[in-house]
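The block underneath contains the structure these notes are about, expressed in structure tokens.
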Number of protein chains: 2
Amino acid sequence: MRVALKIAYDGQRFFGHQRQPDRRTVEGECLAALRSAKILRDPRESFFRSASRTDRGVSAIGNVIAFNGNLRPEAIVGAFNDKARDLWAWATAEVPATFHPRHAHERWYRYHLYEDLSVDALREAGALFPGQHDFRSFTSDPPAGSLSVRRVDVSASHDAILVDVRAPSFRRGMVRRVVAAMVACAREELRLADIRAALAGTRHDFGMVPPEPLFLMDVSYEFPFQVVRKPKALDEWGALRLDARLRLRWLGSLGDAISSGGAT
Amino acid sequence: MRVALKIAYDGQRFFGHQRQPDRRTVEGECLAALRSAKILRDPRESFFRSASRTDRGVSAIGNVIAFNGNLRPEAIVGAFNDKARDLWAWATAEVPATFHPRHAHERWYRYHLYEDLSVDALREAGALFPGQHDFRSFTSDPPAGSLSVRRVDVSASHDAILVDVRAPSFRRGMVRRVVAAMVACAREELRLADIRAALAGTRHDFGMVPPEPLFLMDVSYEFPFQVVRKPKALDEWGALRLDARLRLRWLGSLGDAISSGGAT
């Protein structure tokens, strides 16, 4: 039976996505966990595929993998999570034998900006992207013809500005170049007209923002996934979140102490 | 010349404070860094001492170490930070040859509560501790006679309740038992009268809250320390803080996705 899993990973703990010898990658760790949990018998016949090969450093909440397995979908989540390190499967769907997760309805990426920028200026630049355009200036992939971006939303949260970009598919480096162009506009280092010209076909190098603040939030299809909640996994998640909160607290208190000349 | 350093460390990265063979401890890492940076020539003649031996898991912002060194205090901070892993020296003072950092004016501990508790109820319980009392129920150390706590402050921050406890000195496990008693009162599992009786000499086991949310914020003396800011260290701090913010963001987004049935 063919199964799709939604998986989350912290990109800082992996050396990119695609299998590589002697490197810990997302695909490598997925396959190791599936094999070790005896979910896959033979990787060559399992038709293992990923929805998105995220760049090194990029994190995911809802990337999707699919494979031919020999357990019921609900049983797979627990078995996978028991074996996978720094990877969380959290939802599952039974899919047709020919299903390839690359063929998605929509992908949603979120970029986190920890810089004091004008949300309005970012929105103004972001509004240029939705629709059908020439995205050759926004990818390192070979010429790809025109592409379609559905939405670019900018919102302020308590400590970061969030840039949410949605499209049926993306090319390599595309979100990081789109956000780089938006940030350059907000910093007044670039004019909106430069983005308009690039989207009309004039080549321009906007550079790339760093990969770590980029999360692949979700990949969606025409069918739903079932969320599988396991108490043990929720406990583990709670412990990891406490660790992360305390780490950030410690760094914040250290910063206060250094900048004020004493702890506050 | 004898030098005192304020040092910060994340307790989750060490196996406690006191030197142990084959374990990475705060004192062990301090001594290794001091030796490797050639600040100490002979550890046996350096009269190396710590202000507080924090429990395993407890973090510090401003613990204090002192030693006989052969560099100017300002030069020591950079040399130490170049060699120490997961330890930050950030302030320094030249001290008399006989100085032992244990003899402090005041120690300030902060406990972080990530639980929905009444701040008023915590304050009411915390108000019982300041002054001279019998703290035998609040330590695992041998009978210590009466001790004096100066202040217990409770405040709410954006994601945690902070309990700040100040005293000239503490006994082993004391802050974690004081906070355990305060939390038990706020949960209505304990009466204020039980704390009053214990402080008057009736033995009671209040248990201990976990060590990780406890930070030794500062140890103060009758003399000031000079804060030493190095641009490289500030850059490194900024990068660590971004890592920590993204880690917490990733866990938060994962939690949202699991609890809502999809990323939000």
Within the range A:1-24, restricting to residues that are buried (at least 19 other Cβ atoms within 10 Å of the Cβ) and part of a loop (DSSP other than H, G, I, E, B), the one that is nearest to the chain's Cα centre (by Cα) is A:D10
Condition met for B:H100 (open to solvent by 30 Å² or more (accessible area, probe 1.4 Å), in contact (Cβ under 8 Å) with a residue 40 or more places away in the chain, outside any helix (DSSP H, G or I) and farther than 23 Å from A:S253 by Cα): no
Only one of B:H105, B:H112 is open to solvent by 70 Å² or more (accessible area, probe 1.4 Å), within 14 Å of chain A (Cβ to nearest Cβ) and in contact with a strand residue (DSSP E or B) (Cβ under 8 Å, 6 or more places away or on another chain). Can you tell me which? B:H105
Please specify each residue of the range A:85-97 satisfying the condition of being surrounded by fewer than 20 Cβ atoms within 10 Å (Cβ to Cβ), of a type outside the set (D, E) and either assigned to a loop (DSSP other than H, G, I, E, B) or in contact with a Cys (Cβ under 8 Å, 6 or more places away or on another chain) (or both). A:R85, A:P96, A:A97
Select from the range B:171-187 the residues that are open to solvent by 40 Å² or more (accessible area, probe 1.4 Å) and touching a residue at least 40 places away in the same chain (Cβ under 8 Å) and list them in ascending order. B:R172, B:R187
Residue count, the range A:50-67, condition within 14 Å of chain B (Cβ to nearest Cβ) and either over 21 Å from A:R102 (Cα atoms) or assigned to a strand (DSSP E or B) (or both), comes to 6
Find the residue count for the range B:121-140, including only residues that are at pLDDT 95 or above, open to solvent by 40 Å² or more (accessible area, probe 1.4 Å) and assigned to a helix (DSSP H, G or I). 2
Being part of a strand (DSSP E or B) and surrounded by fewer than 20 Cβ atoms within 10 Å (Cβ to Cβ) is the requirement here; does A:E27 meet it? no
Considering each of A:L254, A:L246, A:L242 in turn, give the residue that is part of a helix (DSSP H, G or I), open to solvent by 30 Å² or more (accessible area, probe 1.4 Å) and within 8 Å of chain B (Cβ to nearest Cβ). A:L242
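Given the criteria within 12 Å of another protein chain (Cβ to nearest Cβ), open to solvent by 10 Å² or more (accessible area, probe 1.4 Å) and more than 30 Å from A:I195 (Cα to Cα), does A:N70 qualify?
It is false that A:N70 is within 12 Å of another protein chain (Cβ to nearest Cβ), open to solvent by 10 Å² or more (accessible area, probe 1.4 Å) and more than 30 Å from A:I195 (Cα to Cα).
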Being of a type outside the set (S, T, N, Q), out of contact with any Leu (no Cβ under 9 Å at 6 or more places or on another chain) and at pLDDT 95 or above narrows A:A32, A:A4 down to just A:A4
Could you list all residues from the range B:215-239 that are at the interface with chain A (Cβ under 7 Å from one of its Cβ atoms) and hydrophobic (A, V, I, L, M, F, W, C)? B:F215, B:M217, B:V227, B:W237
Sole miss for A:G207 among (1) without any contact (Cβ under 8 Å) to a residue 12 or more places away in the chain; (2) surrounded by fewer than 15 Cβ atoms within 10 Å (Cβ to Cβ); (3) within 30 Å of A:D86 (Cβ to Cβ) is condition (1)
Taking the range A:158-170, which residues are surrounded by 16 or more Cβ atoms within 10 Å (Cβ to Cβ) and closer than 16 Å to A:E212 by Cβ? A:A160, A:I161, A:L162, A:V163
Number of positions in the range B:161-206 that are assigned to a loop (DSSP other than H, G, I, E, B), farther than 16 Å from B:H133 by Cβ and of a type in the set (A, V, I, L, M, F, W, C): 1
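The values are calculated or read from the model by the stated rules, or taken from the named source; none is laboratory data. All values reported here derive from a predicted model rather than from experimental measurement. When we count neighbours, we look across all protein chains shown, and the Cβ atoms used for this are built from the backbone with ideal geometry, even at glycine. The protein model used for the area step is the full one, side chains on, heavy atoms only, and it has no ligands, DNA or RNA in it. Shrake-Rupley method; radii C 1.70, N 1.55, O 1.52, S 1.80 Å.
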